[in-house]
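Worksheet: one structure, shown below.
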Amino acid sequence: MRAALKTLSSETYDLLVVGAGIHGACAAWTAARLGLKTALIDAEDFGGATSANSLKVIHGGLRYLQHANFSRMRESICARRRFLALAPHCVRPQAFAVPTRGSGIRSRAAMRLALALNDAISFDRNRGLSPSHALPRGRVLDRAEARAIWPLLPETAYDGAAVWYDGLAHDTERLTLSFVFDAAARGATAANYVRATGRQEANGGVHIVSVREELDQHAFAIRARIVINAAGPWWRQWLALPAQPLVGAWNIIARKRFFGDVAVGLESARIHRDADAIVRRDTRNLFFVPWRDGTMMGTVYEPFTGDPSTYRPSAESIAAFIDEINAVLPGANLTPKDLTLLHIGVQPANPRGVSPEPDKHSEITEGPRGLFSIKGVKYTTGLTVGERAARLAARALGRSDQLPPDEPFRTPPDDGRDLRALAARAVRNEYAVHLTDLVLRRSGIGTFAPPDRETREALARWMGAELGWSDALREAELARLDAHMRRVAP
Ligand SMILES: Cc1cc2nc3c(=O)[nH]c(=O)nc-3n(C[C@H](O)[C@H](O)[C@H](O)COP(=O)(O)OP(=O)(O)OC[C@H]3O[C@@H](n4cnc5c(N)ncnc54)[C@H](O)[C@@H]3O)c2cc1C
């Protein structure tokens, strides 16, 4: 599939998208549907960075009710419905619950009102969805009904539960890839392991983006009339712009379930230090999201400066988070031994300064002319923000930005545990280049816990057979996978 590289260096594109996380993948997909001649490159594998490391919640923005931000809610609700319709094989409905108590904003009466408003604002949430993917209305449970959800919580911690439904992208990796593959099926040229290293402008306003092919370090240039910069936390780095503050964010994955099949948000008290070392106490929601044979827990945010590729939470932060979980849920008895992996990502920081939360708003800025940069902060709205960027590109080119109706993606064949078939499909049809691509993103085998040695070696053997790897290359690929697993080890 690396034949695309020849095309990249010889054509002039309407649009080049740099970065294939969810924002770039959706921008390229939209551009291809608008009939633009589109190229999409990623320095590593498609969707392998922040987009593979979220809590996987495709949410309708219930939280934005607190700020009466209805337009943001509507955007999230529409994006959620479209994800559920486009990729039912990757996204499914998920029940969420929070405890109710007292007479304030967490009371049953307040939550009943919030859920009723949420249902009213999302009146069209199920339009066009199959019954298996429709989201039921929210509801408030009394204490006796709620007991079934949280047997681990002391009875004094709740007088009921508020339950609502969102989407869970149980396979975020495949979801992001689905946009890339569909864009390619519609004529876009897509290439992973091609890194943008700079940009200049030629006469006639064409952008010349210098790139480096990461496998053989071959340098060349891609010409495009418009460039969308969707490089996530690296969005300033490849343009050599001064760095801006970032936020490191992570979840822990444990081989334990605490609330059956329900995802739960609990309020936790914590001490948090800001950059000026002022200590203050505040609360945050900890989410426990059931996934595969266990639970994702998070999300922890901390200020970060430096190259996003190098971010990893410290052992102390991980230990403190385990303590925080045991404090809020004493019955959890969580220990480091229960953890299987960390999901680690980096996001743009809040420009207002020292908040440990990422920025709340996605932005698209233009400058210089014909270069649109996306600063995206949610996987959920990656669809609408990426789409908006591509429509801006179309308008800048004097082309129509009217999109055809969405069509569901093709469901990939189910290879089950047939590792040979998995490897063949990943290499021949799905742009897999390294063993990590197969283990982490084409099969998902290594995203919940590190695969055992036998599986790793079998996958390396089958992939090597497809790509003609020598023994030395196969060993190097296994070492590369091990290095990744060490980086995300708890
Ligand atoms: C721990 C965590 C939990 C989260 N939970 C949720 C959640 O539950 N729901 C939700 O909606 N959102 C969530 N988010 C936010 C969401 O994951 C991100 O906002 C989103 O994935 C960012 O996507 P992106 O496309 O902007 O960036 P990325 O996914 O990082 O993609 C950027 C891409 O650009 C590529 N790139 C970088 N430099 C170059 C270059 N020079 N040339 C070519 N390519 C380059 C990278 O390799 C990468 O693939 C969470 C985030 C984190 C970290």
Work out from phi, with θ = phi - 60° and the Karplus expression 6.51 cos²θ - 1.76 cosθ + 1.60, the ³J(HN,Hα) of each residue of segment 320-326, listed in order in whole Hz, and give x for Gly and Pro.
5, 5, 4, 4, 4, 5, 5
Fewest first, what order do 111, 485, 463 take by the number of other Cβ atoms within 10 Å?
485, 111, 463
What is the angle, in °, between the Cα long axis of helix 70-86 and the longest principal axis of the Cα atoms in the chain? Nearest 10 is fine, range 0 to 90.
70
Taking the 0 to 90 degree range and rounding to the nearest ten, how far is the long axis of helix 471-487 tilted relative to the main principal axis of the chain, both from C-alpha atoms?
30
Between segment 360-420 and segment 193-222, the alpha-carbon center distance in angstrom
21
Highest to lowest packing among 464-475, 255-266, 49-60, scored as the average C-beta count within 10 Å
49-60, 255-266, 464-475
Between 400, 451, 434, whose Cα lies farthest towards the positive end of the dipole of segment 395-490 when Lys and Arg beta carbons carry +1 and Asp and Glu beta carbons carry -1, centred on the Cα centre?
400
Sequence neighbours fewer than 8 away in the same chain don't count; with that in mind, list the lysines whose C-alpha is under 23 Å from residue 6.
37
Expressed as a whole-number percentage, the relative contact order of the chain with C-alpha contacts under 8 angstrom and at least six residues apart is 20
For residue 304, list long-range residues whose amide hydrogen, built 1.01 Å from N in the peptide plane, is under 5 Å from its own amide hydrogen.
246, 247, 248
Arrange the following residues from fewest to most other Cβ atoms within 10 Å of their Cβ: 442, 174, 223.
223, 174, 442
Counting other beta carbons within 10 Å of each Cβ, put 342, 435 in order, fewest first.
342, 435
Ordered by residue, what ³J(HN,Hα) values in Hz, to whole numbers, does segment 104-109 give under the Karplus form 6.51 cos²θ - 1.76 cosθ + 1.60, where θ = phi - 60° and Gly and Pro are x?
x, 6, 9, 6, 4, 5
Using θ = phi - 60° and Karplus 6.51 cos²θ - 1.76 cosθ + 1.60, couplings along segment 162-173 (whole Hz; Gly, Pro as x)
9, 10, 9, 10, 10, x, 10, 7, 5, 10, 4, 4
Roughly what angle does helix 382-396 make with the longest principal axis of the chain, taking Cα atoms, 0 to 90 degrees, to the nearest 10?
40
List every residue whose amide H lies under 5 Å from the amide H of residue 340, counting only residues 5 or more places away in sequence or on a different chain, with H placed 1.01 Å from N in the peptide plane.
253, 254, 255
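Any read-out appearing in this document is the output of simple, stated calculations on the displayed coordinates, not a laboratory observation. Just so we're clear, the structure is a prediction, and the values are computed from it rather than from any experiment. Using ideal geometry, Cβ is built from the backbone for each residue, glycine included, and neighbour counts are taken over all protein chains shown.
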